[in-house]
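Asker: Before anything else, here's the structure in question.
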Amino acid sequence: MSNYETISVEKRDKVAVITINRPDKLNALNSKVHAEGVAALETLRKDDSVRVIVITGAGEKSFIAGADISEFAGQTPVTQRNLFHEKTFFNSIDTFPKPVIAMINGFCLGGGNELALACDLRVASENARFGQPEINLGIMPGGGGTQRLTHLVGEGRAMEIILTGEMIDAPTALQFGLVNHVYPLAELEAKTMELANKIAEKAPIALQLSKEAVKFASKSNLDEGLRREVDLFAICFSTEDKTEGVAAFLEKRKPNFQGK
Ligand code: COA
C-alpha cells in the first residue's frame with residue numbers, strides 16, 4: 001500500500017499495521033522515520049476503512065532502540081528545541097483520532113519507549129526491555145518521556161527509570177502498568193491483532209470521543225474532566241451508531257457500526 005523507505009504500512013481488514021523497518025539499526029528513529037510516520041498517519045486518518053492502528057518494529061530483537069544517535073552529532077539546541085513545534089511521529093500519534101496500539105517486540109528504549117507511551121495501548125513480548133537510557137548519553141528524554149511515563153507509572157518509578165537509565169524487563173513493565181499485556185514472542189502478533197480487531201468492531205465516533213476524554217484526564221482537573229466527559233457523552237447521542245447500538249442490543253443481534 002505504501003512507497004516508504006523506512007516504514008511499511010499494511011492494511012488487514014479494519015486494522016492498519018505500521019512497521020518501522022530498520023532492523024539493522026534496531027529500528028532507531030531517524031528523521032526519515034518521523035517524516036514517513038507522520039505522512040502514513042495522515043493518510044490513515046483520512047481512510048474511513050481503517051479503524052485501529054498497530055505500530056511495531058521489524059525483526060524479533062527490537063521494537064525501537066531509541067532516537068538514531070548518529071543524527072545527534074549535527075544537531076544544535078535550536079534544532080532540538082524546534083522539534084517541539086514540529087509534527088513528530090510522537091505528537092501525530094498522541095493527537096491521532098483513532099486508537100493506536102504499540103506492539104512491542106523487543107528493545108523499547110528512549111524515543112522508542114516515548115513512542116509507545118504516545119500510543120493508547122501497549123502489548124509486549126516476554127523478551128521486551130524498556131528504558132529511558134538518555135542519561136547515559138549525557139542528555140535526558142525529549143519526546144514526552146518525563147511527562148507521559150510519569151502519568152502512566154507514577155513519579156517514583158519514572159524517576160528511577162530516567163535517572164538510572166537502566167532497562168526493566170517485561171514482567172516489571174506489566175507490574176508498573178507501563179504495558180497492558182505481555183505474551184510469548186510467538187503469540188504477540190496474534191494476541192495484538194485480536195485486541196485490535198476487537199476494538200475495530202466498536203463504534204468509531206464513540207471510540208474517538210472516548211479516547212479524547214481519557215486523554216483529557218491527564219491534562220485537566222476532575223471538574224473540568226467530568227464536564228468534558230458529559231459533553232462528549234452527549235455528542236454520542238447524535239450518532240447513527242448510537243441508534244444502531246441500542247437497536248442491536250434490544251434485537252439481540254451484533255451491531256454493525258458505520259462511524260456515522
Ligand atoms: N541509534 C543509532 N543506531 C543504533 C541505535 C540507536 N539508538 N541503537 C542501536 N543502533 C545500531 C548499532 O549502532 C548497531 O549498528 P552497527 O551494526 O552498524 O554497528 C546496530 O544498531 C545493532 O546494535 P548493537 O548495539 O550492536 O546491538 P546489541 O544487541 O549489542 O545492543 C542495545 C542493543 C539496544 C543495548 C544497544 O544497541 C543500545 O544501547 N542502543 C542505544 C539505545 C539508546 O541509548 N537509545 C536512546 C537514544 S536517545
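The values are calculated or read from the model by the stated rules, or taken from the named source; none is laboratory data. Quantities reported herein were computed from a predicted structural model and do not represent experimental measurements. Using ideal geometry, Cβ is built from the backbone for each residue, glycine included, and neighbour counts are taken over all protein chains shown.
Asker: Can you confirm whether residue 16 is of a type in the set (A, V, I, L, M, F, W, C), buried (at least 21 other Cβ atoms within 10 Å of the Cβ) and not in a helix (DSSP H, G or I)? I'd like the intermediate steps shown before the answer.
Answerer: On the way: of a type in the set (A, V, I, L, M, F, W, C): yes; buried (at least 21 other Cβ atoms within 10 Å of the Cβ): yes; not in a helix (DSSP H, G or I): yes.
Yes, satisfied.
Asker: A follow-up question, please. Determine whether the stretch 157-178 contains at least one residue that is on the phi > 0 side of the Ramachandran plot and away from the ligand (no atom under 16 Å from the Cβ). Quick ask: steps written out before the conclusion?
Answerer: Start the filter on the stretch 157-178 by keeping residues that are on the phi > 0 side of the Ramachandran plot, which leaves 165, 177.
Remaining after also requiring away from the ligand (no atom under 16 Å from the Cβ): 177.
Within the stretch 157-178, one or more residues are on the phi > 0 side of the Ramachandran plot and away from the ligand (no atom under 16 Å from the Cβ).
Asker: Quick one: residue 80 ticks every box in (1) within 13 Å of the ligand (Cβ to nearest atom); (2) polar (S, T, N, Q); (3) part of a loop (DSSP other than H, G, I, E, B); (4) touching a residue at least 12 places away in the same chain (Cβ under 8 Å) bar one, so which box is it?
Answerer: It is condition (3) that residue 80 fails.
Asker: Among the residues of the stretch 48-61, write down those that are part of a loop (DSSP other than H, G, I, E, B) and within 16 Å of the ligand (Cβ to nearest atom). Don't jump to the end; show me each part of the working.
Answerer: At the first step, the residues of the stretch 48-61 found to be part of a loop (DSSP other than H, G, I, E, B) are 48-51, 58-61.
Once the filter is applied, which keeps residues that are part of a loop (DSSP other than H, G, I, E, B) and within 16 Å of the ligand (Cβ to nearest atom), the stretch 48-61 yields 58, 59, 60, 61.
Asker: Answer yes if at least one residue in the stretch 39-47 is of a type in the set (Val, Ile, Thr), modelled with pLDDT of 95 or more and either on the phi > 0 side of the Ramachandran plot or in a strand (DSSP E or B) (or both), and no otherwise. Working first, answer last.
Answerer: Quick first cut of the stretch 39-47, residues of a type in the set (Val, Ile, Thr) only: 43.
Checking the rest, the ones that are also modelled with pLDDT of 95 or more come to 43.
Narrowing the set further to residues that are either on the phi > 0 side of the Ramachandran plot or in a strand (DSSP E or B) (or both) leaves none.
Scanning the stretch 39-47, I find no residue that is of a type in the set (Val, Ile, Thr), modelled with pLDDT of 95 or more and either on the phi > 0 side of the Ramachandran plot or in a strand (DSSP E or B) (or both), so the answer is no.
Let's see how each residue does on (1) surrounded by fewer than 14 Cβ atoms within 10 Å (Cβ to Cβ); (2) closer than 24 Å to residue 127 by Cβ; (3) under 14 Å from the mean Cα position of the chain (by Cα); (4) not assigned by TED's automatic domain parsing to the domain that holds residue 217:
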position: 23; (1), (2), (3), (4): no, yes, no, yes
position: 47; (1), (2), (3), (4): yes, no, no, yes
position: 53; (1), (2), (3), (4): no, yes, yes, yes
position: 58; (1), (2), (3), (4): no, yes, no, yes
position: 65; (1), (2), (3), (4): no, yes, no, yes
position: 81; (1), (2), (3), (4): yes, no, no, yes
position: 98; (1), (2), (3), (4): no, no, yes, yes
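Asker: So for the stretch 90-113 (the condition being assigned to a loop (DSSP other than H, G, I, E, B), free of Cβ contacts under 8 Å to residues at least 24 places away in the same chain and not polar (S, T, N, Q)), does at least one residue qualify? Reasoning before the result, please.
Answerer: Start the filter on the stretch 90-113 by keeping residues that are assigned to a loop (DSSP other than H, G, I, E, B), which leaves 95-99, 105-106, 110.
Okay, now just the ones that are also free of Cβ contacts under 8 Å to residues at least 24 places away in the same chain, so 95.
Filter once more, so that each one left must be not polar (S, T, N, Q): none.
No - not one qualifying residue is present in the stretch 90-113.
Asker: Consider residue 96 against the criteria (1) over 21 Å from residue 24 (Cβ atoms); (2) within 16 Å of the ligand (Cβ to nearest atom): it satisfies all of them except one. Which criterion is unmet?
Answerer: Looking at each condition in turn, residue 96 falls short on (2).
Asker: Hey, among the residues in the stretch 236-254 that are loosely packed, with under 13 Cβ neighbours inside 10 Å and among the aliphatic types (A, V, I, L, M), which one's nearest to residue 207 (Cα to Cα)?
Answerer: Restricting to residues being loosely packed, with under 13 Cβ neighbours inside 10 Å and among the aliphatic types (A, V, I, L, M), the top hit is 246.
Asker: Mind checking which residues of the stretch 241-260 are in a helix (DSSP H, G or I) and touching a helix residue (DSSP H, G or I) at 6+ places or on another chain (Cβ under 9 Å)? Give the steps one after another, and end with the answer.
Answerer: Going through the stretch 241-260, the residues in a helix (DSSP H, G or I) turn out to be 241-250.
Hits for the stretch 241-260 are 241, 242, 245.
Asker: Can you find even one residue in the stretch 62-76 that is under 19 Å from residue 208 (Cβ atoms) and not in a loop (DSSP other than H, G, I, E, B)?
Answerer: Initially, the stretch 62-76 is screened for residues under 19 Å from residue 208 (Cβ atoms), giving none.
No, the stretch 62-76 contains no residue that is under 19 Å from residue 208 (Cβ atoms) and not in a loop (DSSP other than H, G, I, E, B).
Asker: Another one. Inside the stretch 19-38, can you point out the residues that are in a helix (DSSP H, G or I), within 14 Å of the ligand (Cβ to nearest atom) and touching a helix residue (DSSP H, G or I) at 6+ places or on another chain (Cβ under 8 Å)? Quick ask: steps written out before the conclusion?
Answerer: Residues of the stretch 19-38 that are in a helix (DSSP H, G or I), as a first pass: 23-25, 31-38.
Among the residues that remain, those that are also within 14 Å of the ligand (Cβ to nearest atom) are: 23-25, 31-34.
Within the stretch 19-38, 31, 33, 34 qualify.
Asker: Now for a separate question. Quick check on the stretch 117-145: of everything there that is more than 13 Å from the ligand (Cβ to nearest atom) and part of a helix (DSSP H, G or I), which residue is farthest from residue 167 (Cα to Cα)?
Answerer: Looking at residues that are more than 13 Å from the ligand (Cβ to nearest atom) and part of a helix (DSSP H, G or I), I get 118.
Asker: Among the residues of the stretch 192-219, which ones are among the polar types (S, T, N, Q) and either surrounded by 14 or more Cβ atoms within 10 Å (Cβ to Cβ) or in the same structural domain as residue 148 (by TED's automatic domain parsing) (or both)?
Answerer: To start, the set of residues in the stretch 192-219 that are among the polar types (S, T, N, Q) comprises 192, 197, 208, 210, 218.
Result: 192, 197, 208, 210.
Asker: Among all residue pairs at least 6 apart or on different chains, which show Cβ distances below 6 Å where the first residue, located in the stretch 169-191, is buried (at least 18 other Cβ atoms within 10 Å of the Cβ) and the second is among the hydroxyl-bearing types (Ser, Thr, Tyr)?
Answerer: Sorted first by the residue in the stretch 169-191, then by its partner, the pairs are 188/125.
Asker: Oh, and also: Determine whether residue 199 is farther than 21 Å from residue 237 by Cβ and free of Cβ contacts under 8 Å to residues at least 60 places away in the same chain. If you could, list the steps in order and put the result at the bottom.
Answerer: Working: farther than 21 Å from residue 237 by Cβ: yes; free of Cβ contacts under 8 Å to residues at least 60 places away in the same chain: no.
Judged against the criteria, residue 199 is not a match.
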